[in-house]
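Enquirer: Here's a structure for you.
The values are calculated or read from the model by the stated rules, or taken from the named source; none is laboratory data. Since the structure is predicted, the reported quantities are computational estimates derived from the model, not experimental observations. All Cβ positions, even for glycine, are placed from backbone atoms using ideal geometry, and neighbour counts span all protein chains on display. Only protein heavy atoms, including side chains, enter the accessible area calculation; ligands, DNA and RNA are left aside. Shrake-Rupley method; radii C 1.70, N 1.55, O 1.52, S 1.80 Å.
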Amino acid sequence: RRVPAHLHETVHTAVLRVVAEVDGLMLRNGKMVFELRPDVPWDKGRAVEYLLSRLHAPPPVAQSGTAHGAAAQGSGSAIPAAERGQSRLCPFYLGDDVADEDALGFVESVGGIGIKVTDSSAADVTTTLASHRLDGPHQVLAFISRFVKVADTAAGAADGVDH
């Protein structure tokens, strides 16, 4: 991200050379970054699925036709088949980069909420799997602050304690 503009093409060429020369690497372009990672079936969407399974709170069954629908429903899922569709959990994921699309798609596929963080001043109108958008870090802060306040109020109502 901190490479001077006149060197972007030089860096891109060097990255492509490394990917061609090193077996088992894949390239994913991001927002002013080149992400090199192992060429394995793992991404942020699968990481979110794994984390949800570790919470013992499986998400609802994934809807077919979505980014991770097959993975969430298939036998390779980290969520045991008997537990899928039994959670009251509603996961949400905020992401600002193309590398976040796998997680945004997975969360949306299980009935959660995907939120793309954009920068309207930079005309960031990229396509996304997220169903919602926030305009920059200031809106993320406002959203999280409001979310915590509402959750705290709901928790107080549920246990009879003013939080």
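Enquirer: From the set of residues in the stretch 78-115 that are open to solvent by 10 Å² or more (accessible area, probe 1.4 Å) and aromatic (Phe, Trp, Tyr), which is modelled with the highest pLDDT?
Expert: Here the residue is TYR93.
Here's the yes/no breakdown for (1) open to solvent by less than 80 Å² (accessible area, probe 1.4 Å); (2) more than 16 Å from the chain's Cα centre (by Cα); (3) closer than 27 Å to PHE106 by Cα:
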| site | (1), (2), (3) |
| --- | --- |
| GLY24 | yes, yes, yes |
| ASN29 | no, no, yes |
| ARG37 | yes, yes, yes |
| GLU49 | yes, no, yes |
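Enquirer: Restricting the search to the stretch 1-22, which residues are open to solvent by 80 Å² or more (accessible area, probe 1.4 Å) and either within 29 Å of PHE92 (Cα to Cα) or part of a loop (DSSP other than H, G, I, E, B) (or both)?
Expert: Once the filter is applied, which keeps residues that are open to solvent by 80 Å² or more (accessible area, probe 1.4 Å) and either within 29 Å of PHE92 (Cα to Cα) or part of a loop (DSSP other than H, G, I, E, B) (or both), the stretch 1-22 yields ARG1, ARG2.
Enquirer: Out of everything in the stretch 51-60 that is over 16 Å from the mean Cα position of the chain (by Cα) and open to solvent by 90 Å² or more (accessible area, probe 1.4 Å), what residue ends up being farthest from ALA99 (Cα to Cα)?
Expert: The qualifying residue farthest from ALA99 (Cα to Cα) is HIS56.
Enquirer: Looking at (1) at pLDDT 85 or above; (2) touching a helix residue (DSSP H, G or I) at 6+ places or on another chain (Cβ under 8 Å); (3) open to solvent by less than 50 Å² (accessible area, probe 1.4 Å), which is the one condition that is false for LEU129?
Expert: (3)
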